[in-house]
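Notes to accompany the following structure.
The values are calculated or read from the model by the stated rules, or taken from the named source; none is laboratory data. Only a predicted model underlies this, so the values are computations on that prediction, with no experimental measurement involved. Backbone-built Cβ (ideal geometry, glycine too); neighbour counts: all protein chains shown.
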Amino acid sequence: MLRSSTEGSTLDKGVDISSREPSRERSNYDADVILAYQQLSTALREAEDADAAEQASTGAIIADDASVTDAGYASDAATTASTSITSSIWNHSFENGRRYHKFREGAYHFPNDDVEQEREDMKHSMVKMLCHHKLHFAPIGPNPQQILDIGTGTGSWAIEMGESYPSASVLGIDLSPIQPDWVPPNVRFMVDDVESPWLHPPNHFDYIHSRHTVMAIKDWESLLHRCYEHMKPGGWIELQEVYHFPMSNNHSRMPHEHPVAQYWRYVDEGLKQLGVDFRFSSGGQIAELMRQRGFAGVAERVFHVPIGTWPQNKMFKSVGVYWKTILLDGLQAIALRPLMRGLRWDRDQVETFLVSVRKAYHDNSCQMFMPLICVYGQKPLNTY
């Protein structure tokens, strides 16, 4: 059955997406990125190694010596009993040639334009490949009823969860109305700020998921408190975040003066000035905060995400092509606001610095990787 984007459902809060802009055109990429997509298409057909996920979780990535050199879909949108849709939600702000969200302007410091949406979709595909197509690790059972995706972005994860769990109602929340028109009938999207008070009833969600939001959330303690409050007893929470400070394959930190290490240090310093703790995903910090909040059975899995084509393993090599392309394509988008607003650089300073960073990403000899940290925990059954 097809559901139109203008059919009704009532959401709890925020701006319900009841009308759509024309579908975005796919962005044109330069030759390097086009080549990367071609490499990915080939690599995806070849990447069948059954032991690759275990290698990822143990860090045993072997370097390649040679590399050193519509059916059933519907639209999510509806009118809401709590907030009337206005044309302003579709407005965007523009800065330095990039497009940003307008709703709660400035809450998120990175673009939402077509190029960035392509990059978000690539990140989703990359994580799926690295995790052997698992959408989650929390043992949520076969029939969850209410699923929340925080910072849903383009909605790829929420849509696939809706397909995988037809019994569930999947809600994706984001500051930008950039999700597709046609989605499974059990998936809906809402424009809202997850760091504002929630109007969902307590003990509502069976599973709350968040991925790639470490650059956005300013108060993790309060967010986890809200997740706990609005989660059913026995429900699960799962956070998946990349720790962006690169390491080499011998598990040593990249040299302080290395351009890639400098880049992420500057981004971290800039985000700190803007109120964001970019290092939240480091060294068990997520797991510890979950335990402090009262979640039980907290578990952590760490996967190594290679940068470039240096691994021997075909799956890791494919992931490395993905991640290198994602990082290069997002180099300017990630740097602009943290460096210009946070550190008060001018545009010329940023662009000049990025030249050396781009060059450094093409150097396979460092065998760089970044950890992907997946943490999940359960609200105790006897808690309300």
Meets criteria (at pLDDT below 95 and farther than 29 Å from Val302 by Cβ) for Glu120: no
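Could you run through segment 191-221 and say how many residues are in a strand (DSSP E or B) and either out of contact with any strand residue (DSSP E or B) (no Cβ under 7 Å at 6 or more places or on another chain) or small (Gly, Ala, Ser) (or both)?
Step one: filter segment 191-221 for residues in a strand (DSSP E or B), giving 191, 205-211.
This time we only want the ones that are either out of contact with any strand residue (DSSP E or B) (no Cβ under 7 Å at 6 or more places or on another chain) or small (Gly, Ala, Ser) (or both), so: 210.
Residues in segment 191-221 being in a strand (DSSP E or B) and either out of contact with any strand residue (DSSP E or B) (no Cβ under 7 Å at 6 or more places or on another chain) or small (Gly, Ala, Ser) (or both): 1 in total.
Quick one: which of Gly308, Gly294, Gly235 is among the small types (Gly, Ala, Ser), touching a helix residue (DSSP H, G or I) at 6+ places or on another chain (Cβ under 7 Å) and crowded, with 21+ Cβ neighbours inside 10 Å? First the steps, then the outcome.
Values: Gly294 fails: crowded, with 21+ Cβ neighbours inside 10 Å; Gly235 fails: touching a helix residue (DSSP H, G or I) at 6+ places or on another chain (Cβ under 7 Å).
It is Gly308.
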When Arg337 is run through (1) touching a Gly at 6+ places or on another chain (Cβ under 8 Å); (2) modelled with pLDDT of 95 or more, the failure sits at (2)
From (1) more than 23 Å from Val302 (Cβ to Cβ); (2) assigned to a loop (DSSP other than H, G, I, E, B), pick out the condition that doesn't hold for Glu269. (2)
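Mind checking which residues of segment 356-368 are of a type in the set (A, V, I, L, M), in a helix (DSSP H, G or I) and over 15 Å from Tyr266 (Cα atoms)?
Matches in segment 356-368: Ala360 only.
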Checked pairs for segment 284-299, first closer than 16 Å to Ile208 by Cα, second of a type in the set (Lys, Arg), C-beta under 8 Å and 6 or more apart or across chains, list as Gly294/Lys379; Phe295/Lys379; Ala296/Lys379; Val298/Arg291
Within segment 156-170, the residues that are outside any helix (DSSP H, G or I), in contact with a strand residue (DSSP E or B) (Cβ under 6 Å, 6 or more places away or on another chain) and surrounded by 22 or more Cβ atoms within 10 Å (Cβ to Cβ) are Val170
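Does segment 242-264 include one or more residues that are closer than 24 Å to Pro139 by Cβ and out of contact with any Phe, Trp or Tyr (no Cβ under 6 Å at 6 or more places or on another chain)? Break it down into steps so the answer makes sense when it comes.
Here is the first cut: in segment 242-264, the residues closer than 24 Å to Pro139 by Cβ are 242.
From what's left, out of contact with any Phe, Trp or Tyr (no Cβ under 6 Å at 6 or more places or on another chain): 242.
Yes, segment 242-264 contains at least one residue that is closer than 24 Å to Pro139 by Cβ and out of contact with any Phe, Trp or Tyr (no Cβ under 6 Å at 6 or more places or on another chain).
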Return the pair list, or none, for Cβ contacts closer than 8 Å from residues in segment 243-254 that are within 15 Å of Ile373 (Cβ to Cβ) to residues that are outside any loop (DSSP other than H, G, I, E, B) and of a type in the set (Val, Ile, Thr), at least 6 apart or on different chains. Tyr243/Ile373; His244/Val267; Pro246/Val260
Would you check if there is a residue in segment 222-231 being of a type in the set (Ser, Thr, Tyr) and in a loop (DSSP other than H, G, I, E, B)? no
